[in-house]
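Below is one structure; the comments refer to it alone.
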Amino acid sequence: MKEKEIGELELDREFLLSRRASKWCRYPNDVIPSWIAEMDFRPADILQDSVRQLVDKRDYGYPRRHLMPAERLISEAFVKRMEERFSWHIEEAAVQPVTDLLQATIAAILAFTEPGDRVAVHTPCYGPFREAIEDAGRSIVEIPMRDSGSGYEPDMEALEQAPAGTRMLVLCNPQNPTGRVLTRTELEAIAAIAARRDMIIFSDEVHADFVYEGGRHIPIASLSADAASRTITANSPGKSFNIAGLRCGVMHFGTPELLERFRRRIPRLLLGKPSIVSIDAAVAAWTHGQPWLDQVMALLDRNRRIVIETLAERMPKLKAYMPEASYLAWIDCSAMGWKKPAASVFLDEARIAFSPGESFCTSHGDFVRLNFATSSDILRETLERMEKIAG
Ligand SMILES: Cc1ncc(COP(=O)(O)O)c(C=O)c1O
């Protein structure tokens, strides 16, 4: 099936159903998939061209570019992008390419903590963080994102009081699922606690490109020499450029000592290498993809307003704050008084698949995460179906 264009970037439902990425394949066709963090937008042409060149030449050997191992190009492109986007000055030698960010998460946990140590994470959190901590044999310390009545805020006291043996904080900024972009003041408070409690910070910043106007992403490692000395930053073009299935990301180590400690525990070969397809796509995206991302941000900005305004006007029992970043709305359905988890109600009665609140925090079954990175038609239908049972 051929792409049918709606506007510049939006894809129609029939075409989306004909593809094989998880989002549209997991549920029967009558269900609207609004779960996994993928966008229903056409990836940038510049990225498509770079992949097409490989396909046209059947160029699938071990990759080298300009007489050097190809993955060095990822580090180079990442360093330039961090400088341009966030005025964060870093060195190529401090960057380690990886195939995905969960690999980076568990590798960092294994490298910087010992079996039985505790690892703190702000909850609700992206579910696989919990899995990574538990799979590594460490125990989780939940640091709540508290509802202040005007938004979610990280509980600083809970972090300060984390039990003895809490050696690491897995930070997610911008935060998934609340859509918070932590302010400089909040980040400084977190860094100060990490210093007092001697914690390593693993900072997942994969949603950093999606900060809406008025906000600003600040890499926590850029705050100070001390923050850098305890921070490993993870990032990837997977979310921003809608190429999650290509598998490519980076870890950045705030000091050579951190990188050395990491290498002593995690041999390089264990990390594997990103594929040539993902390298070329990632480099094209980070180097030339911003005009495409600007177009995407305009669509997402439109959609986040539609979601929040429609909930307020037509489903006042559902509560959600305007996301400050990314394309995920974190919706509190507790006022509905449903007996089942909210995601099950929406799936069974409205045929919408949201990410279940309980996958972010066991006590949050009354929440769902809605993915609004889709066409205005699909979003309208999602909201109409929601209104039928929650209006
Ligand atoms: C905060 C966060 N980190 C990591 C990932 C997954 O990244 P990867 O596919 O590179 O493992 C996601 C995907 O939704 C995410 O939201």
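The values are calculated or read from the model by the stated rules, or taken from the named source; none is laboratory data. The shown structure was predicted, so the numbers you read here are calculated from the model rather than taken from an experiment. Here Cβ is always computed from backbone atoms with ideal geometry, including for glycine, and neighbour counts include all displayed protein chains.
Which residue is nearest to the ligand (Cβ to nearest atom), if the candidates are limited to the range 163-186 and must be part of a strand (DSSP E or B) and within 12 Å of the chain's Cα centre (by Cα)?
As a first pass, look at the range 163-186 and keep what is part of a strand (DSSP E or B): 166-172.
Subset that is within 12 Å of the chain's Cα centre (by Cα): 171-172.
Numbers: Leu171: 10, Cys172: 5 Å.
Looking at the filtered set, the residue picked out is Cys172.
Just to check your reading of the model, which residue among Ile74, Ile36 is within 15 Å of the ligand (Cβ to nearest atom), in a helix (DSSP H, G or I) and touching a residue at least 60 places away in the same chain (Cβ under 8 Å)?
Numbers: Ile36 fails: in a helix (DSSP H, G or I).
Matching residue, one of Ile74, Ile36: Ile74.
Do you know which residues across the range 219-239 are surrounded by 24 or more Cβ atoms within 10 Å (Cβ to Cβ) and not in a strand (DSSP E or B)?
Applying the first criterion (surrounded by 24 or more Cβ atoms within 10 Å (Cβ to Cβ)) to the range 219-239 yields 219-221, 231-237.
Within the range 219-239, Pro219, Ile220, Ala221, Ser236, Pro237 meet the criteria.
Looking only at the range 248-272, which residues are within 16 Å of the ligand (Cβ to nearest atom) and either crowded, with 19+ Cβ neighbours inside 10 Å or in the same structural domain as Asn371 (by TED's automatic domain parsing) (or both)?
Hits for the range 248-272 are Cys248, Gly249, Val250, Met251, His252.
Quick grid of which residues meet (1) surrounded by fewer than 20 Cβ atoms within 10 Å (Cβ to Cβ); (2) of a type outside the set (Gly, Ala, Ser); (3) in the same structural domain as Pro97 (by TED's automatic domain parsing); (4) in contact with a Gly (Cβ under 7 Å, 6 or more places away or on another chain):
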position: Ala281; (1), (2), (3), (4): no, no, yes, no
position: Ala284; (1), (2), (3), (4): no, no, yes, no
position: Gln295; (1), (2), (3), (4): yes, yes, no, no
position: Arg314; (1), (2), (3), (4): yes, yes, no, yes
position: Lys319; (1), (2), (3), (4): yes, yes, no, no
position: Asp332; (1), (2), (3), (4): yes, yes, no, no
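Which of the numbered conditions does Arg314 fail, given that it passes all the others? Conditions: (1) within 16 Å of the ligand (Cβ to nearest atom); (2) touching a helix residue (DSSP H, G or I) at 6+ places or on another chain (Cβ under 7 Å).
Going through (1) within 16 Å of the ligand (Cβ to nearest atom); (2) touching a helix residue (DSSP H, G or I) at 6+ places or on another chain (Cβ under 7 Å) one by one, Arg314 breaks only (1).
So, in the range 328-349, how many residues would count as being in contact (Cβ under 8 Å) with a residue 40 or more places away in the chain and of a type in the set (A, V, I, L, M, F, W, C)?
Qualifying residue count for the region: 8.
Can you tell me which residue in the range 199-218 is nearest to the ligand (Cβ to nearest atom), limited to those that are assigned to a loop (DSSP other than H, G, I, E, B) and touching a strand residue (DSSP E or B) at 6+ places or on another chain (Cβ under 9 Å)?
For the range 199-218, the residue satisfying everything is Val206.
Might you check whether a residue that is part of a loop (DSSP other than H, G, I, E, B) and either among the acidic types (Asp, Glu) or in contact with a His (Cβ under 9 Å, 6 or more places away or on another chain) (or both) occurs anywhere in the range 297-307? Break it down into steps so the answer makes sense when it comes.
Taking the range 297-307 first, the residues part of a loop (DSSP other than H, G, I, E, B) are none.
Looking for residues that are part of a loop (DSSP other than H, G, I, E, B) and either among the acidic types (Asp, Glu) or in contact with a His (Cβ under 9 Å, 6 or more places away or on another chain) (or both), one finds none in the range 297-307, hence no.
Cβ-Cβ distance below 6 Å, separation of 6 or more or different chains: which pairs start in the range 222-234 with a residue that is more than 17 Å from Gln175 (Cβ to Cβ) and end on one that is in a loop (DSSP other than H, G, I, E, B) and more than 16 Å from the ligand (Cβ to nearest atom)?
Ser222/Trp88; Ala228/Gly254; Ser229/Gly254; Ser229/Thr255
Say whether the condition of being surrounded by 15 or more Cβ atoms within 10 Å (Cβ to Cβ), in contact with an Asp or Glu (Cβ under 6 Å, 6 or more places away or on another chain) and in the same structural domain as Ile190 (by TED's automatic domain parsing) is met by at least one residue in the range 108-127.
At the first step, the residues of the range 108-127 found to be surrounded by 15 or more Cβ atoms within 10 Å (Cβ to Cβ) are 108-113, 117-127.
So of that shortlist, the ones also in contact with an Asp or Glu (Cβ under 6 Å, 6 or more places away or on another chain) come out as 123.
Filter once more, so that each one left must be in the same structural domain as Ile190 (by TED's automatic domain parsing): 123.
The answer is yes, given that some residue of the range 108-127 is surrounded by 15 or more Cβ atoms within 10 Å (Cβ to Cβ), in contact with an Asp or Glu (Cβ under 6 Å, 6 or more places away or on another chain) and in the same structural domain as Ile190 (by TED's automatic domain parsing).
Any idea which of Ala208, Ala189, Ala234 is more than 14 Å from the chain's Cα centre (by Cα) and not charged (D, E, K, R)? Write out each step before concluding.
On the way: Ala208 fails: more than 14 Å from the chain's Cα centre (by Cα); Ala234 fails: more than 14 Å from the chain's Cα centre (by Cα).
Result: Ala189 is the single residue among Ala208, Ala189, Ala234 that is more than 14 Å from the chain's Cα centre (by Cα) and not charged (D, E, K, R).
Being more than 16 Å from the ligand (Cβ to nearest atom) and of a type in the set (D, E, K, R) is the filter here; which residues of the range 219-247 pass it?
Asp226, Arg230 - these are the residues of the range 219-247 that are more than 16 Å from the ligand (Cβ to nearest atom) and of a type in the set (D, E, K, R).
Which ones in the range 351-376 are closer than 12 Å to Ile306 by Cβ and part of a helix (DSSP H, G or I)? Quick ask: steps written out before the conclusion?
First, the residues of the range 351-376 that are closer than 12 Å to Ile306 by Cβ: 370, 372, 374-376.
Matches in the range 351-376: Ser376 only.
Could we say that Ala108 is under 30 Å from Arg130 (Cα atoms), among the hydrophobic types (A, V, I, L, M, F, W, C) and within 16 Å of the ligand (Cβ to nearest atom) here? Write out each step before concluding.
Numbers: under 30 Å from Arg130 (Cα atoms): yes; among the hydrophobic types (A, V, I, L, M, F, W, C): yes; within 16 Å of the ligand (Cβ to nearest atom): yes.
Against the criterion (under 30 Å from Arg130 (Cα atoms), among the hydrophobic types (A, V, I, L, M, F, W, C) and within 16 Å of the ligand (Cβ to nearest atom)), Ala108 qualifies.
Among the residues that make up the range 154-162, is at least one of them within 21 Å of Phe210 (Cα to Cα) and of a type in the set (D, E, K, R)?
Within the range 154-162, not a single residue is within 21 Å of Phe210 (Cα to Cα) and of a type in the set (D, E, K, R).
Using the structure shown, decide if Glu131 is surrounded by 18 or more Cβ atoms within 10 Å (Cβ to Cβ), of a type in the set (Asp, Glu) and within 16 Å of the ligand (Cβ to nearest atom). So that I can check it myself, show each step before the final result.
Details: surrounded by 18 or more Cβ atoms within 10 Å (Cβ to Cβ): no; of a type in the set (Asp, Glu): yes; within 16 Å of the ligand (Cβ to nearest atom): yes.
So Glu131 fails the test.
With of a type in the set (D, E, K, R) and within 23 Å of the chain's Cα centre (by Cα) as the only criterion, which of Arg52, Arg64, Arg130 stands out? Give the derivation first.
Values: Arg52 fails: within 23 Å of the chain's Cα centre (by Cα); Arg64 fails: within 23 Å of the chain's Cα centre (by Cα).
Sole residue among the options that is of a type in the set (D, E, K, R) and within 23 Å of the chain's Cα centre (by Cα): Arg130.
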